Amino acid sequence: MSEEPIQDRDQDQDLVLYEVDEDGVATVTLNRPERKNAWSIPMERRFFALLDEAAEDPAVRVVVITGAGRAFCPGMDVQRLEQNAQPGQSLNLQARVPMYSRRNMPKPLIAAVNGACAGIGLVQALICDIRFAARGARFTTAFTRRGLAGEYNMPYVLPRVVGLENALDLLLSGRVFDADEAKELGLVSRVVEPEDLLDAARAYARDIARNCSPRATAVVRHQVYGDLDRDFTGALARSYSAMEFFAGSPDFREGVASFVEKREPKFEGLPPDFDPDEATRDAFLPY
């Protein structure tokens, strides 16, 4: 498949919008509403560059991802699908950004799925830690209905979110399901009326930004994803190392003091060079 950008307004930096509020919540908005935020390669580059910017900015504590208009992202732009379907095309992923590379991002990612979410758009929702959805939003894996296998590692990720049989149902059938079913399946954790969606996701993100230690959330995220494929003993050792890392730390002292004094904590922002692996690198068991 050719990966040369389609020549349209995709060259514009406004493909993905970015703003940070005073509480340290960054909002990243897919912004091709005239195409229902259909995914393109320039959008992909811009999107992941902004996630990198958020990761490196100490002022940013939590990131909310959403779409402009009435859709989140319905998948790859049909123009590219048509281009890639031509005989003789070969797949070249060398110029692409690895889809799940930002699972190593040290800051919480919150999805606010405001509408259609399919294919590679669903992948972007799945890289997030918590997913809010607007009531009536529609989801589909879509791949088999486009003559494709499970792309972007979704056959690995989806069973870990919704369970084996539910994942096979969604992947094999490629059927459409709505936000309420997505919640029943465990694909999203909150379903909100459309007009309240972004406010609800930002309020949740703001609560984390105001009340949780950025170092602690970075390490917890690192623990959860890193431990998915570890055995119990290995995960336990990393947990004890993290306990030692935070014992007596400025964040722990501030967390306790703010609780005792019944005030909002004042945790420092996350330094750009903070490595969550530092908290678990020298794993040990005390017995």
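The values are calculated or read from the model by the stated rules, or taken from the named source; none is laboratory data. Just so we're clear, the structure is a prediction, and the values are computed from it rather than from any experiment. Don't worry about glycine lacking a Cβ; one is built from the backbone with ideal geometry, like all the others, and counts go over all protein chains shown.
Taken as a whole, the condition of being closer than 24 Å to Thr141 by Cα, of a type in the set (A, V, I, L, M, F, W, C) and out of contact with any strand residue (DSSP E or B) (no Cβ under 9 Å at 6 or more places or on another chain) does not apply to Leu198. Out of Gly269, Gly255, Gly226, Gly186, one residue alone is surrounded by fewer than 16 Cβ atoms within 10 Å (Cβ to Cβ) and outside the structural domain of Val60 (by TED's automatic domain parsing). It is Gly269. Asp277 satisfies every condition listed in (1) outside any helix (DSSP H, G or I); (2) free of Cβ contacts under 8 Å to residues at least 60 places away in the same chain; (3) under 23 Å from the mean Cα position of the chain (by Cα) except (1). Looking only at residues of region 123-164 that are touching a strand residue (DSSP E or B) at 6+ places or on another chain (Cβ under 7 Å) and free of Cβ contacts under 8 Å to residues at least 40 places away in the same chain, we find that the one that is farthest from Val64 (Cα to Cα) is Thr140.
Taken together, the residues in region 217-238 that are more than 17 Å from Ile110 (Cβ to Cβ) and assigned to a helix (DSSP H, G or I) amount to 12.
If I filter region 195-223 down to residues being among the hydrophobic types (A, V, I, L, M, F, W, C) and free of Cβ contacts under 8 Å to residues at least 12 places away in the same chain, which single residue comes out as nearest to Thr280 (Cα to Cα)? Walk me through it before giving the result.
Our first condition is that a residue be among the hydrophobic types (A, V, I, L, M, F, W, C); within region 195-223, this holds for 197-198, 200-201, 203, 205, 208-209, 212, 216, 218-220.
Still in the running and free of Cβ contacts under 8 Å to residues at least 12 places away in the same chain: 203, 220.
Numbers: Ala203: 31, Val220: 11 Å.
Step by step, filter region 195-223, then rank; the result is Val220.
Close contacts from region 18-30, counting a first residue that is at positive phi and a second that is of a type in the set (D, E, K, R), with Cβ to Cβ under 9 Å and a gap of 6+ residues or different chains, come to Gly24/Asp57; Gly24/Arg61; Gly24/Arg206; Gly24/Arg210. Out of the residues in region 135-151 meeting the condition of being among the aliphatic types (A, V, I, L, M) and closer than 19 Å to Gly115 by Cβ, tell me which one is surrounded by the most Cβ atoms within 10 Å (Cβ to Cβ). Ranking the qualifying residues of region 135-151, first place goes to Ala137.
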